[in-house]
Amino acid sequence: MLRMYLLQNWYHLSDEGVEEAIYDSYAMKKFLKLDFSKESVPDATTLLKFRHILEANGIGAKIFADVKDRLDRGGMLMHGGTIVDATIISAPSSTKNKDGERDPEMHQTKKGNQWYHGMKVHIGVDAGTGHVHTITATAANVHDIDEAHKLFREDDEVGYGDSGYLGMEKRPEFKNNEHLKNMVFRINRRPSGIKVNKNNYAGFNWDRYIEARKSSVRCKVEHPFLIVKQQFGYAKTVYRGIAKNLNRFNVLFACANLVMCIRAGRTQEFILA
């Protein structure tokens, strides 16, 4: 059942869709280790009940924690620095459903000139390796800064973030925390804040160079989002409620960590950890 649930996450399939896909795919059958002469594929209702058990017992968070601990023991988490970021996950805004209303836990927010309805996933990424070590989820209208203090580890000394996190060190959560108030934060400035008069400026633009160096580190946080939203196809919510979606994101980001581990050629260290 766990293998079937993983296939559903990796290929972004419904309960019925993954059941049908297994019948059609020889590779999926081999992955599930099914012998059709003796047994059949578990049906969609069985998978639904299994997923509810995982959600009720917080198994997704435990899977994510286990993968993170193995990465740590294998020397694939550097510690000392964390990159924080958040992404919006859209949710259905239609009221054409059984209850005749939107998901009450989802909210709308404006980014740029466009409105989005859904939730936000906030992650903390190891600045050295790019592996995700912390995940939280909120409604889309919660500001990125409100969750920032939850994303740093106890041994972090440096924090990175985009311009949305400017001024977070002035908030009470940081000022009243003995560890967070002593951290160094390297937050990207807004492009509009770097103004240079070309007629009066001669020489190297140090402001832009410094921002480019910050971005060269901060860009690692975009890789897990790319894997989850593009490779695994989870760019929109499929469940109602933040808790159910967070359980799935825990599994997806655990798998994203494994994908990055495989790409780095560090599978042997992970297995032996």
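The values are calculated or read from the model by the stated rules, or taken from the named source; none is laboratory data. Since we're looking at a predicted model, the values are computed, not measured. Cβ atoms come from the backbone with ideal geometry, glycine included; neighbour counts cover every protein chain shown.
Looking at the range 238-273, which of the residues that are polar (S, T, N, Q) and surrounded by 21 or more Cβ atoms within 10 Å (Cβ to Cβ) is farthest from residue 121 (Cα to Cα)?
The selected residue is 257.
When residues of the range 41-72 are filtered for being over 21 Å from residue 247 (Cβ atoms) and either at pLDDT 95 or above or among the acidic types (Asp, Glu) (or both), how many remain?
Summing the residues that are over 21 Å from residue 247 (Cβ atoms) and either at pLDDT 95 or above or among the acidic types (Asp, Glu) (or both) in the range 41-72 gives 2.
Please return the ranges of helices (runs of 4 or more DSSP H) entirely within the range 170-273 where 3 or more residues are of a type in the set (S, T, N, Q).
242-263
Being in a loop (DSSP other than H, G, I, E, B), touching a residue at least 40 places away in the same chain (Cβ under 8 Å) and of a type outside the set (D, E, K, R) is the filter here, so list the residues in the range 62-106 that pass it.
Listed by number, the residues that qualify are 74, 75, 76, 77, 78, 79, 80, 91, 92, 106.
With 122, 107 as the choices, which residue is within 21 Å of residue 184 (Cα to Cα) and either surrounded by 19 or more Cβ atoms within 10 Å (Cβ to Cβ) or not hydrophobic (A, V, I, L, M, F, W, C) (or both)? Even if it seems obvious, please write down each step before you answer.
Numbers: 107 fails: within 21 Å of residue 184 (Cα to Cα).
The conditions single out 122.
Go through the range 159-173 residue by residue and tally those that are buried (at least 20 other Cβ atoms within 10 Å of the Cβ) and either touching a Pro at 6+ places or on another chain (Cβ under 7 Å) or more than 17 Å from residue 219 (Cα to Cα) (or both).
1
For the range 137-158, name all the residues that are in a strand (DSSP E or B) and either crowded, with 21+ Cβ neighbours inside 10 Å or free of Cβ contacts under 8 Å to residues at least 24 places away in the same chain (or both).
Selection gives 137 alone.
Please go through (1) surrounded by 20 or more Cβ atoms within 10 Å (Cβ to Cβ); (2) β-branched (Val, Ile, Thr); (3) under 30 Å from residue 97 (Cβ atoms) for residue 221 and return the number of the only condition it doesn't satisfy.
(3) is the only condition that residue 221 fails.
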